[in-house]
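Report on the following structure.
Since every read-out is calculated from the coordinates, none of them should be taken as a lab result. These numbers come from a predicted model, not from an experiment. Cβ atoms come from the backbone with ideal geometry, glycine included; neighbour counts cover every protein chain shown.
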Amino acid sequence: MIKTLVKKQLFEMHRSFFYDYRRNRAKSKRGTILSIAGYVFIMVVVLGGLFGSMSAALAGPLVASGMGWFYFLITGGVAILYGAFGSVFNTFSTLYLSKDNDLLLSMPIPIRNILASRLLGVYFMGWMYSSVVMIPAIIFYYINAPLHFLNILGPIVYYMMITLIVLDLSTGLGWVVAKLSTKLKNKAIVRTIMVLIGLALYYVVYFRAINAMNDFVARLQTMVIDTSGPIHPFYLFSRTGEGNPSSMVVVSVVVIALTVGIYLLLDKTFIKIVTTKTGTTRVKYKAGKAKARSVGSALLRKEFKRLTSSSTYLLNCALGTVLMAAAAVMLIIKGGMLYPAIEGAFGSDLWDFIYMVVPALMCFVLSMNDTTAPSISMEGKGIWIAQSLPVRSIQILNAKKNVQLILTLPMASVLAIVFAVQIHMPVVETLLVLVLVALIELVLADFGLYMNLKRPNLNWVSEAMVVKQGISIVVALFSGWIYGILIAATGYFMTVLMPASLALVIWIAITAVPLVLMERWLRRKGTRIFENL
């Protein structure tokens, strides 16, 4: 029974490889092979190559200087963070809020079998992400270390313990969120805030760890580390990778005991969590007049409510607003060194080019807010409700576009102004950059709608299918990157021949062309496509 449940769980997690949601039919054999090959290429070649290059750079000097334990501390830490970060977004929905909970619980299947199959699915996701880090790390350790039985066995045991720690972190965080979700009304906002806090902590720890590692490597030849102090648990943990027998035994016992403890805790609370319905807040009735709203205001409110009701939608399509705010704050605090650093690196001859780099960099930031790209697909099978409203279709499309503009333009303008102030950009160039950034965002918002109208998916089972895997999301994201690269590449040559102000004016005129064409297409053909979906 567990084998069948696990097979079903893995199929659901990778259903997009085998099923074409846009056409509502199974993919061809060729399409399935291409989907799997593309995913393997990203995981093995791109991500594996990235973490492999890190391991290759660290393994040689650290192993040669007798610091193999520190090598495993770094790579193991990265594997835990990446594995937990990569799998935790799926843990909550697959472990607790799966759509077939009621169906499975109504069948004569032991609860422990259901829980075990769900945990194996979570383990598989964490194993896959942590393996991208750990397998290259182990290979480069074997290349650089003198091999014998224990230090061949050690990295394998260490790798297995890492995957269990990732499972423990993912299920533990998922359990906390699940318990909270049964008590709180707006679960999407709570989950979003928790993930944002987690991201903030992740990056704080990451950058502090990088600084500490650089300082450590710089003083590696002269410093002596007291491994009997506060660092001893981490030292003991990472010595497992070197094949130390006592470390392997102690770490294995502790990690396995922790995993068993979490399983027993889930076993006692699983059925209560998955069957508990979220309570509604008691509201005291208060007589009053309903507030009349304009069509545009009512539609905009509807779109914002749809966005804030889904943590998946918020995190994947509106995270850019938070990142822009964080970047602006960092520039205000640390930006004082930016001008002298650029002056020292490039001199005074390339400032016109630097002014062109600002809108180019903004393109990368702007593309992180792409709420329009899945907005048509997010209507799902209930799109007939929007189509039947007594409003014009262009008003519905404009409401979807305005959500992205409201979330993006104000904070993007603040970030661009802060950037301009820190590099002493002249007023004329600053104003032109703000105009160009606004036009680029208008184009990106229209282009997201264009792509989603062309490639809608109204038959999705999980929101993640359109928010994370939709072709319109991918194209919208990379189109912003490509536009930024074009501005930077052409800006270098343009500023050799003309001042930055003229180059910015030219790019404003260039950007206005697709904007006019997109607006015209949405008003004519786009509305007809929407009405006939």
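Quick notes on this structure:
- Summed side-chain charge close to Val475 - residues other than Val475 whose Cβ falls under 12 Å, Lys, Arg +1, Asp, Glu -1: +1
- Cut-off 17 Å (backbone N to label point 7 Å along Cα→Cβ of Thr490), residues of region 357-373: 357-364
- Region 316-531 shape via C-alpha gyration tensor axes, a/c threshold 1.5: prolate
- Net length gained if the chain between Ile271 and Gln387 were fully extended (0.36 nm per residue, minus Cα distance): 37.8 nm
- Projected label distance in nm at Ala341 and Val513, using a 7 Å step from Cα toward the beta-carbon: 3.6
- The stretch between Met160 and Ala326 holds 56.1 nm of extra length on full extension. This uses 0.36 nm per residue minus the Cα-Cα distance.
- With both labels modelled 7 Å from their Cα along Cα-to-Cβ, the Arg306 to Ser53 distance reads 4.0 nm.
- Computed from the C-beta positions of Ile406 and Val427 and an R0 of 30 Å, the FRET efficiency is 0.70 to the nearest 0.05.
- When each of Lys400/Lys525; Lys27/Lys525; Lys8/Lys305; Lys272/Lys381; Lys8/Lys29; Lys305/Lys381 is checked by Cα-Cα distance, pairs over 25 Å: Lys27/Lys525; Lys8/Lys305; Lys272/Lys381
- Rounded to the nearest 20 debye, the dipole magnitude of region 388-514 is 400 debye, with +1 charges on Lys and Arg beta carbons, -1 on Asp and Glu beta carbons, and the Cα centre as origin.
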